[in-house]
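Trainee: Quick one: the structure is below, and I'll ask about it shortly.
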Amino acid sequence: MNIEKTVPKKTMYNSNWFLYGAPGIGKTTLASQFPKSLFIYTEAGQGFVSSDCVLTEHDNQVFTSFKEIQFVVNGILKDPEYKENYDVIWFDTVDNFIDLAFRHVCDLKHVEHASDLQWGKGWDLTSQEIKLIISKLQSVGFTLGFISHEFSKDHQFKGRTITKIIPNLGTTARKAILPLVDFIGYMYMSPIKIGSKLVNKRAISFVMHSEYESKDRSGLFTEPIILEDSNTCYSRLEEVWNKKVSAIEEN
């Protein structure tokens with residue numbers, strides 16, 4: 001039996017990311033700054049962001065059917081130039097990607113809603129379709145990024161009701177996607193005191209919190225990060241990461 005010791009990553013790269021927050025907070029802007037990123041857009045609104053995106057069969061930027069996504073993903077798998085030029089594929093938004101998969105399953109089964117199928121079967125089939133697309137891309141070495149809107153949900157915490165902000169995903173989508181990602185970043189506006197005034201600044205948090213969902217498998221993003229300049233969001237994350245890695249190596 002051969003045994004090998006795993007070594008912690010020293011780079012943020014080659015990880016799966018999930019970014020969520022309110023519309024217009026800068027999720028796509030941050031994602032577009034990841035090196036060698038390619039987008040599959042399922043929602044309009046990227047007009048002010050410079051990014052490389054896959055086009056539909058009819059040369060549209062926004063996908064409106066799951067079949068179109070299946071077609072272009074198969075094209076990406078067959079063409080080695082995609083892997084040479086891109087490392088990360090982003091689904092923006094994953095909310096709509098899930099909805100398209102759901103509608104696709106309903107069309108295949110000739111029903112109006114998955115609940116018209118045998119109990120749980122519609123959601124199971126939707127999950128299978130989602131996982132198939134994801135596994136195909138991962139099988140050739142792509143890492144994945146997902147962008148979602150936020151959703152507020154009430155839950156009980158230590159005997160009281162707390163409103164927690166979570167990604168806008170149903171149970172099926174959560175089970176299919178969230179276990180795959182290494183980082184869940186919640187983007188929001190944070191009040192920062194400058195002199196005697198409070199000024200709202202864009203921030204992102206990967207820190208576990210009772211009021212919002214987040215995740216950090218590396219354990220390096222130990223506090224929320226202020227993103228001062230929208231043009232350098234990724235560089236700011238990388239700066240924080242590299243400082244943490246350097247500190248660990250020095251010790």
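Trainee: I'd like to know if the stretch 191-201 contains one or more residues that are farther than 17 Å from Thr29 by Cβ and in contact (Cβ under 8 Å) with a residue 12 or more places away in the chain. Break it down stepwise before answering.
Mentor: Just the residues of the stretch 191-201 that are farther than 17 Å from Thr29 by Cβ, to begin with: 191-199.
Cutting the leftovers down to in contact (Cβ under 8 Å) with a residue 12 or more places away in the chain gives us 192.
Yes, the stretch 191-201 has at least one match.
Trainee: Could you tell me whether any residue of the stretch 88-96 is touching a His at 6+ places or on another chain (Cβ under 9 Å) and over 21 Å from Asn168 (Cβ atoms)?
Mentor: As a first pass, look at the stretch 88-96 and keep what is touching a His at 6+ places or on another chain (Cβ under 9 Å): 93, 95.
Going one step further and asking which of them are over 21 Å from Asn168 (Cβ atoms), we end up with none.
No, every residue in the stretch 88-96 fails to be touching a His at 6+ places or on another chain (Cβ under 9 Å) and over 21 Å from Asn168 (Cβ atoms).
Trainee: Can you list residue pairs whose Cβ atoms sit under 9 Å apart, with the first residue in the stretch 142-160 being within 16 Å of Gly185 (Cβ to Cβ) and at pLDDT 80 or above and the second being of a type in the set (Phe, Trp, Tyr) and not in a strand (DSSP E or B)? Count only pairs 6 or more apart in sequence or on different chains.
Mentor: Thr143/Tyr13; Gly145/Phe34; Phe146/Phe97
Trainee: Looking at Thr64, Thr42, Thr93 in this structure, which one is closer than 22 Å to Leu227 by Cα, among the polar types (S, T, N, Q) and at pLDDT 85 or above? I'd like the intermediate steps shown before the answer.
Mentor: Working: Thr64 fails: closer than 22 Å to Leu227 by Cα; Thr42 fails: closer than 22 Å to Leu227 by Cα.
Checking each option against the conditions leaves just Thr93.
Trainee: Are there helices (runs of 4 or more DSSP H) fully within the stretch 19-85 with at least 2 residues that are farther than 30 Å from Glu239 by Cα and in contact with a helix residue (DSSP H, G or I) (Cβ under 8 Å, 6 or more places away or on another chain)? List them.
Mentor: On the way: elements: 27-32, 66-78, 80-85.
Result: 66-78.
Trainee: Suppose we keep only residues that are surrounded by 14 or more Cβ atoms within 10 Å (Cβ to Cβ) and among the aromatic types (Phe, Trp, Tyr) within the stretch 156-201. Which one would you say is farthest from Phe221 (Cα to Cα)?
Mentor: Tyr188
Trainee: Quick test of your reading of the structure: Ser135 fulfils all but one of (1) within 30 Å of Glu81 (Cβ to Cβ); (2) without any contact (Cβ under 8 Å) to a residue 12 or more places away in the chain; (3) not in a helix (DSSP H, G or I). Name the failing condition by number.
Mentor: For Ser135, the exception is condition (3).
Trainee: Right, next: Could you please let me know if Ala101 is among the aliphatic types (A, V, I, L, M) and at pLDDT below 90?
Mentor: Values: among the aliphatic types (A, V, I, L, M): yes; at pLDDT below 90: no.
No; evaluated as a whole, the condition is false for this residue.
Trainee: Name the residue that is surrounded by the most Cβ atoms within 10 Å (Cβ to Cβ), counting only residues in the stretch 1-18 that are part of a loop (DSSP other than H, G, I, E, B) and within 13 Å of the chain's Cα centre (by Cα).
Mentor: Taking the stretch 1-18 as the starting set, the residues that turn out to be part of a loop (DSSP other than H, G, I, E, B) are 1-16.
When the remaining residues are screened for being within 13 Å of the chain's Cα centre (by Cα), the result is 15-16.
On the way: Ser15: 16, Asn16: 20.
Per the criteria, the residue is Asn16.
Here's the yes/no breakdown for (1) assigned to a helix (DSSP H, G or I); (2) closer than 27 Å to Gly24 by Cβ; (3) out of contact with any Phe, Trp or Tyr (no Cβ under 6 Å at 6 or more places or on another chain):
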{"residue": "Asp124", "(1), (2), (3)": "yes, no, yes"}
{"residue": "Ile130", "(1), (2), (3)": "yes, yes, yes"}
{"residue": "Gly141", "(1), (2), (3)": "no, no, yes"}
{"residue": "Leu144", "(1), (2), (3)": "no, yes, yes"}
{"residue": "Ser148", "(1), (2), (3)": "no, yes, no"}
{"residue": "Thr161", "(1), (2), (3)": "no, no, yes"}
{"residue": "Ile166", "(1), (2), (3)": "no, yes, no"}
{"residue": "Ala173", "(1), (2), (3)": "yes, yes, yes"}
{"residue": "Pro179", "(1), (2), (3)": "yes, no, yes"}
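Trainee: Among what's in the stretch 216-249 and is in a helix (DSSP H, G or I), farther than 17 Å from Lys10 by Cβ and of a type outside the set (Ser, Thr, Tyr), pick the residue that is nearest to the chain's Cα centre (by Cα).
Mentor: Here the answer is Cys233.
Trainee: Just to verify a result, which residue in the stretch 1-18, among those that are among the aliphatic types (A, V, I, L, M) and out of contact with any helix residue (DSSP H, G or I) (no Cβ under 8 Å at 6 or more places or on another chain), is modelled with the highest pLDDT?
Mentor: Going through the stretch 1-18, the residues among the aliphatic types (A, V, I, L, M) turn out to be 1, 3, 7, 12.
From what is left, the residues that are out of contact with any helix residue (DSSP H, G or I) (no Cβ under 8 Å at 6 or more places or on another chain) are 1, 3, 7.
Details: Met1: 74, Ile3: 80, Val7: 64.
Only one residue tops the list, namely Ile3.
Trainee: Take the residues in the stretch 202-228 that are free of Cβ contacts under 8 Å to residues at least 40 places away in the same chain and hydrophobic (A, V, I, L, M, F, W, C); name whichever of them is surrounded by the most Cβ atoms within 10 Å (Cβ to Cβ).
Mentor: Phe206
Trainee: A further question follows. When you scan the stretch 194-212, do you find a residue that is among the acidic types (Asp, Glu) and under 20 Å from the mean Cα position of the chain (by Cα), even just one? Step through it out loud before you land on a result.
Mentor: Just the residues of the stretch 194-212 that are among the acidic types (Asp, Glu), to begin with: 211.
The next check asks that each one be under 20 Å from the mean Cα position of the chain (by Cα); those that pass are 211.
For the stretch 194-212, residues among the acidic types (Asp, Glu) and under 20 Å from the mean Cα position of the chain (by Cα): present.
Trainee: Now, a different point. How many of the residues making up the stretch 229-239 are over 13 Å from Thr29 (Cα atoms) and either in contact with a Cys (Cβ under 7 Å, 6 or more places away or on another chain) or surrounded by fewer than 16 Cβ atoms within 10 Å (Cβ to Cβ) (or both)?
Mentor: Residues that pass the stated criteria total 1.
The values are calculated or read from the model by the stated rules, or taken from the named source; none is laboratory data. All of these numbers come straight from a predicted model, not from anything done at the bench. Counting neighbours? That spans all protein chains shown, and the Cβs are built from the backbone with ideal geometry, glycine included.
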